[in-house]
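Report on the following structure.
No value in this document is a laboratory result; all are computed from the given coordinates. Remember, predicted model here, so these are calculated numbers, not experimental data. Using ideal geometry, Cβ is built from the backbone for each residue, glycine included, and neighbour counts are taken over all protein chains shown.
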Amino acid sequence: MPSNSTDPGRLSEALPAQNKIYDTAAGALWHLAVYGPVHEGREFTNMAGAALLDSIGTEFRLGAGHRVLELCSGTGEVCRYLAGRFDCQITGIELNASQLEHARTKHRQLPASVQKRVRYLRGDVNTWMPDRSYDLVVAVDSLALMNDPGDALAVAHAALRPGGHLVFADILTGRELSDRVRGTAWEYDGIRPLPQPADTAELLSHLGFVDIVHTDISTAAVDCFRIISGALTVRQRAIQDVCTPEEYAHWCESTEFYLDSFVRRELSYGRFTARRPAQDDS
Ligand SMILES: C[S@@+](CC[C@H](N)C(=O)[O-])C[C@H]1O[C@@H](n2cnc3c(N)ncnc32)[C@H](O)[C@@H]1O
């Protein structure tokens, strides 16, 4: 049964050890290696960044009065961006306490007109009980962190008004995913790639979604890791000033791992849209 539990002890137990990496996701290392070079300084902890969010805003004609829910809101940048650019109201759900604290700090710095349309709540997206209905649910680079993406997708379905849309981007199982790549993605980041596109579409259909559309956006993942790889070289000195030699070595190793896995399409990056049927759908 979904719940709105805010018991911090219970909530932090729900995160695997690998989620610790997000404790520092607002720090200097991420800015130097990711946010600056990949996202023009915006704190998107994802691969697709503003291009994805702009496409969502355009496709769903986001505007004033629209209610949006972001599952796994991290630093809060996706919420800040969508609210600032498209005038919508947005709620971000995040489990990691450091991320949430950072998002709330940045929230206080927003212009009042945007601030009042953004809120962040602590919750586990696998069990969260929606407090209202939403026009659009968004999840970026998050579902592959779940034990079972079906739980969070069921929460998304419950949160949507009839006729409302879901859109997510995430890492999927590629053509021939080896045990080595699967095991390494889990070991590094607690990532369990979603099933191949047809099977993910079937899961969505099983949960009651219709109008399911998958778009392969793997080139965005390749571009992202190429840029990070370049930044780790070009900005090596500055980055090494803000991390340990072990951390730097790990960033280099994991960046090459993901770059290679996406180039060879053992991993793919996909954008899905789906709709909760309207009451009058035949
Ligand atoms: C890769 S980050 C993406 C953050 C944000 N969506 C973005 O695009 O910038 C994934 C986020 O999911 C959060 N997360 C992981 N498991 C969660 C759960 N069960 N409930 C809520 N948040 C979770 C992590 O703490 C992390 O902040």
Using only the alpha-carbon atoms, how far is helix 77-86 inclined from the longest principal axis of the chain? Give it as 0 to 90 degrees, nearest 10.
50
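Could you calculate the contour length gain from residue 215 to residue 260, that is, 0.36 nm times the residue separation minus the distance between their Cα atoms, to one decimal place in nm?
Numbers: separation 45, 0.36 × 45 = 16.20 nm, distance 2.07 nm.
Between residue 215 and residue 260, full extension yields 14.1 nm more.
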Taking R0 as 35 Å, what's the FRET efficiency between residue 85 and residue 236 from their Cβ-Cβ distance, rounded to 0.05?
0.55
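Counting other beta carbons within 10 Å of each Cβ, put 67, 265 in order, fewest first. It would help to have the intermediate numbers written out before the result.
Numbers: 67 19, 265 15.
With the sparsest Cβ surroundings first, the list reads 265, 67.
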Rounding to the nearest 10 and keeping the result within 0 to 90°, find how far the Cα-based axis of helix 97-108 lies from the longest principal axis of the chain.
70
Everything considered on the Cα gyration tensor (a ≥ b ≥ c; rounded for a/c under 1.5, else prolate if a/b is larger than b/c, else oblate), the range 8-275 must be described as oblate
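With n ≥ 4 as the cut-off for DSSP H runs, can you work out [θ] at 222 nm for the chain, using -39500 (n - 2.57) per run divided by the number of residues, rounded to the nearest 500?
-12500 deg cm²/dmol
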What does the charge dipole of the range 8-275 about its Cα centre add up to, to the nearest 20 debye, if the Cβ of each Lys and Arg holds +1 and the Cβ of each Asp and Glu holds -1?
980
Approximate spin-label separation residue 21-residue 206, in nm, with each point projected 7 Å along Cα-to-Cβ:
2.7
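Please compute the contact order of the range 8-275 in relative form: average sequence separation of alpha-carbon pairs under 8 Å and at least six residues apart, divided by the residue count, as a percent. Walk me through the numbers before you get to the answer.
Details: 464 pairs, mean separation 54.4, N = 268.
Answer for the range 8-275 is 20 percent.
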Give the angle, between 0 and 90 degrees and rounded to the nearest 10, that separates the Cα long axis of helix 179-189 from the longest principal axis of the Cα atoms of the chain.
90
Which trypsin sites (Lys or Arg not before Pro) in the range 136-214 sit in a loop by DSSP (not H, G, I, E or B) and have at most 10 other Cβ atoms within 10 Å of their own Cβ?
175
